[in-house]
There are 2 protein chains.
Amino acid sequence: MKTVGVAILGLGVVGSGTYTILRDHRDFYRRTQHVDISVESVLELNKQRALDLGIEESRIADNIAEIVSNPAVDIVVEVIGGVEPARSFVLAALHSGKTVVTSNKELFCKHWYELEKAAKRTNAGLYFEASCVGGVPIIRTLVDGVQSNVITRLTGIINGTTNYILTRMTREGADYASVLKDAQKLGYAEKDPTADVEGFDAAYKLSILSSLAFHTRVPLEKVYREGIANVSAVDIAHGKDLGYVLKLLAIGKNNENGVEVRVHPAFIRKDHPLASVNDSFNAVFLQGDSVGDVMLYGRGAGALPTGSAIVSDIIYAATHADHKYATFKNTMLPEKGVKFVNDFKSRYYIRFTVKDRAGVLAKVAGIFAKSNISIADLLQKGDGDESGTPVILITHETHELAVRRAVEKIRSLPDVFSVDSLIRVEG
Amino acid sequence: MKTVGVAILGLGVVGSGTYTILRDHRDFYRRTQHVDISVESVLELNKQRALDLGIEESRIADNIAEIVSNPAVDIVVEVIGGVEPARSFVLAALHSGKTVVTSNKELFCKHWYELEKAAKRTNAGLYFEASCVGGVPIIRTLVDGVQSNVITRLTGIINGTTNYILTRMTREGADYASVLKDAQKLGYAEKDPTADVEGFDAAYKLSILSSLAFHTRVPLEKVYREGIANVSAVDIAHGKDLGYVLKLLAIGKNNENGVEVRVHPAFIRKDHPLASVNDSFNAVFLQGDSVGDVMLYGRGAGALPTGSAIVSDIIYAATHADHKYATFKNTMLPEKGVKFVNDFKSRYYIRFTVKDRAGVLAKVAGIFAKSNISIADLLQKGDGDESGTPVILITHETHELAVRRAVEKIRSLPDVFSVDSLIRVEG
């Protein structure tokens, strides 16, 4: 039977989950996968944490050098997170020819090229299923499951914290600040929630997933990003009335106009499969030229779901000796001639507050007409009072920049009190 | 660049789809997969069909011997369907050391052991992603994506024809016979719909999927099977009122009681992710001990979705030289000591028609009480007339055989006109 020695860097939530899975399933993997996986070493500043998990003291390394020079270690699992020291540790492991399995989306999306170059040089494996959408095997699916397709579109709910917050805002009619506070109490959001609520986490993942889906390098800087901090309960309620659900979507498109990648709140029709992905669940919806629509749904985070993806990578690496897994198969450098779309197209929901409805709506309509933006629906919400009358306008598909310019003009109209929200309508 | 020669056996719907995908994506696969895949040979009785697809006459084989002796052919794609001659052709290919990719669920579930033995003998690959749930990469997911998990449950909507029929019955309130007729006209159901509507097709797939999920051989004979021919619009409507949707479910469970596999119509709660899988879409819902809930959704049939799975297997075979793919990794023979559950547990919806409501319900309740079956809900539907009063009863979880015995007793009560339906309630 093949034996594989693993080292785990970092025994936080995911590292502990990974260790637990490997320890409790050792016989199961011997029997079903014909591979004997042992945790040979761990690197963790808080040694007590390792001891509490039942790890022998002799297996707790003092530094990365001890691990990369340990001949019993075949696979190094990096679950520290962040760029440094994770980057240096991963590079050291790859330089010494050890296969790396990582859950580190930020590291991977920012330093993919460097890591891949290092892996190629020593013929080490480099696996990162756990970096995107936790236990959902979306990377395996892109690389080994729908690789027969030209993928034209990828739409995902790929951040659990924001989906949890938006689901509760939708169910309870509650506002963002109070739900965020509660989510932090319950452990669904971090003390500093920026990475999640501002869409950075989703942007990291979208950069990785769309690079794989579209077979070209999609750098983080190309991802348009907008978070959920300005989402209001009022708009969620109006959307509901109109048959829409608000989600933080990660959208990647690849067509004759180029590659388009963006993360922002968006309304989707309530009968779309993504609309019923609730709480901290994640899902990715793919469109391929042969397979049509495919959706994968599951837990995007957590010790055991993410550990499941890491251990899946370990087994894959152990049982596919000739296959170093997902890299840009064609080139590690950006492909020449790939265009990125900045001025993307969408439909738009715009809410604004006016003083004198009759007069001002004609002017608003005039601004849109001049910008060649066609209005699908225009509705007054409520009767209004001295603080103004709320009006909602939904456009047909049009260009982002044209809409933004039109909104600025509307904002400057004398009888418009405020433009309160601008939400894209997708799917 | 690696070159791979393919032969396609059968140019029906799936064979033509596969040919078209390979022809139209040859450059795409060269660029993104670094493999050059050419169709070297086809076997098709109707030669005109091959010529119409643009295949040169010199590549149309006269018999299987020509293909298995052709050194340019590395991979044989079997998309004939049914057991013979598919079985003999596949065996001939494997005997000559050629890798086989098949979409043939009936062949695979009935002759897995024989095929696998032949493949092992010559070290040929044996791939069958397309045999289950069309373009949805469910087999890849079980083998390479969630293989780190003990899978405890698999619940699927894995037959498109029956899901199409049930979706239309639900939406339109129409009866089975009229929707079936329409589905046949539109090409969603075969002229002889038996394999689909009686659940054979789903049972084949469940046998394959649960064998992989549970790492043991689950023979077709162990699958309890019931079709949708007796489903009535009345029950679908009553279920809707109670918050349920009717689906043909394929259920596999693996726990301390043993392995349980069954295909039958069942009510599921309308907020379950499977409840919104409509029309001819398919989905498989998995529960793993680490990953939790995972669902895969997509097109379960059709020329291009199934062709997508076949070509995915071809690329996988071409790029994973050391990995002969999904087999029973542990043993090709049934594992000793595996128990199969016959007397499974479920909740039950039972509709019956009684003459004298007040008197008879006490007797019915008495029969259930004696059988230790606990009633969750008992409701009268409508006022009734001389043809009787319809009553619906929903049980708590209980044993199948106990319920069937109780139903027989109820049927024999003097004031019970008929027991009209017995539908399991799941999820």
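Can you tell me which condition B:Arg23 does not meet? The list is (1) open to solvent by less than 30 Å² (accessible area, probe 1.4 Å); (2) within 13 Å of chain A (Cβ to nearest Cβ), and all the others hold.
(1)
Could you list, in sequence order, the residues of the range B:212-253 that are farther than 13 Å from B:Ser421 by Cβ, in a helix (DSSP H, G or I) and open to solvent by less than 20 Å² (accessible area, probe 1.4 Å)?
B:Leu212, B:Ala213, B:Phe214
Could you please tell me which pairs satisfy a Cβ distance under 8 Å, a separation of 6+ or placement on different chains, a first residue in the range A:1-18 that is open to solvent by 30 Å² or more (accessible area, probe 1.4 Å), and a second residue that is among the acidic types (Asp, Glu)?
Taking only residues 6 or more apart or on different chains, the pairs are A:Met1/A:Asp36; A:Lys2/A:Asp36; A:Thr3/A:Asp36.
Here's a check for you: in the range B:326-370, which residue that is surrounded by 12 or more Cβ atoms within 10 Å (Cβ to Cβ), in a loop (DSSP other than H, G, I, E, B) and out of contact with any strand residue (DSSP E or B) (no Cβ under 8 Å at 6 or more places or on another chain) is modelled with the lowest pLDDT?
Checked the range B:326-370; the qualifying residue modelled with the lowest pLDDT is B:Asn330.
Quick check on my filter: what residues within the range A:255-295 are touching a Gly at 6+ places or on another chain (Cβ under 7 Å) and of a type in the set (Lys, Arg)?
A:Arg269, A:Lys270
Could you give every pair whose Cβ atoms fall below 7 Å, whose first residue belongs to the range A:290-312 and is more than 7 Å from every other protein chain (Cβ to nearest Cβ) and surrounded by fewer than 24 Cβ atoms within 10 Å (Cβ to Cβ), and whose second residue is assigned to a helix (DSSP H, G or I) and among the hydrophobic types (A, V, I, L, M, F, W, C), counting only separations of at least 6 or pairs across chains?
Once the first residue is more than 7 Å from every other protein chain (Cβ to nearest Cβ) and surrounded by fewer than 24 Cβ atoms within 10 Å (Cβ to Cβ) and sits in the range A:290-312, its partners that are assigned to a helix (DSSP H, G or I) and among the hydrophobic types (A, V, I, L, M, F, W, C) give A:Ala303/A:Val13; A:Ala303/A:Val14.
I'd like the full set of residues that are in contact with a strand residue (DSSP E or B) (Cβ under 7 Å, 6 or more places away or on another chain) and open to solvent by 50 Å² or more (accessible area, probe 1.4 Å), limited to the range B:384-421.
B:His396, B:Glu397, B:His399, B:Arg411, B:Phe417, B:Asp420
So, in the range B:17-36, how many residues would count as being within 30 Å of the chain's Cα centre (by Cα) and not in a helix (DSSP H, G or I)?
1
Inside the range B:386-412, can you point out the residues that are polar (S, T, N, Q) and either part of a loop (DSSP other than H, G, I, E, B) or in contact with a Gly (Cβ under 6 Å, 6 or more places away or on another chain) (or both)? If you could, list the steps in order and put the result at the bottom.
Of the range B:386-412, the ones polar (S, T, N, Q) are B:387, B:389, B:395, B:398, B:412.
Scanning the range B:386-412 gives B:Ser387, B:Ser412.
Is there a residue in the range B:191-200 that is buried (at least 22 other Cβ atoms within 10 Å of the Cβ) and assigned to a helix (DSSP H, G or I)?
Applying the first criterion (buried (at least 22 other Cβ atoms within 10 Å of the Cβ)) to the range B:191-200 yields B:196-197, B:199.
Now drop any that are not assigned to a helix (DSSP H, G or I), which leaves B:196-197.
Yes; the residues of the range B:191-200 include at least one that is buried (at least 22 other Cβ atoms within 10 Å of the Cβ) and assigned to a helix (DSSP H, G or I).
I need a count of the residues in the range A:142-171 that are under 27 Å from B:Val143 (Cβ atoms), assigned to a helix (DSSP H, G or I), more than 11 Å from the chain's Cα centre (by Cα) and touching a residue at least 60 places away in the same chain (Cβ under 8 Å).
The qualifying residues number 2.
Inspect the range B:101-122 for any residue being within 13 Å of chain A (Cβ to nearest Cβ) and surrounded by 21 or more Cβ atoms within 10 Å (Cβ to Cβ) and give the result as yes or no.
Our first condition is that a residue be within 13 Å of chain A (Cβ to nearest Cβ); within the range B:101-122, this holds for B:101.
Now restrict to residues that are surrounded by 21 or more Cβ atoms within 10 Å (Cβ to Cβ): B:101.
So far as the range B:101-122 goes, yes, one or more of its residues are within 13 Å of chain A (Cβ to nearest Cβ) and surrounded by 21 or more Cβ atoms within 10 Å (Cβ to Cβ).
Could you tell me whether the range A:34-50 includes any residue that is closer than 23 Å to A:Ser69 by Cα, touching a His at 6+ places or on another chain (Cβ under 9 Å), within 14 Å of chain B (Cβ to nearest Cβ) and among the hydrophobic types (A, V, I, L, M, F, W, C)?
Yes, there is a match, as at least one residue in the range A:34-50 is closer than 23 Å to A:Ser69 by Cα, touching a His at 6+ places or on another chain (Cβ under 9 Å), within 14 Å of chain B (Cβ to nearest Cβ) and among the hydrophobic types (A, V, I, L, M, F, W, C).
The values are calculated or read from the model by the stated rules, or taken from the named source; none is laboratory data. Bear in mind that the values here come from a model prediction, so they are computed numbers and not experimental data. Reconstructed Cβ throughout: ideal geometry from the backbone, glycine too, with neighbour counts over all protein chains shown. Protein only, heavy atoms only, side chains kept; ligands, DNA and RNA dropped before computing areas. Shrake-Rupley method; radii C 1.70, N 1.55, O 1.52, S 1.80 Å.
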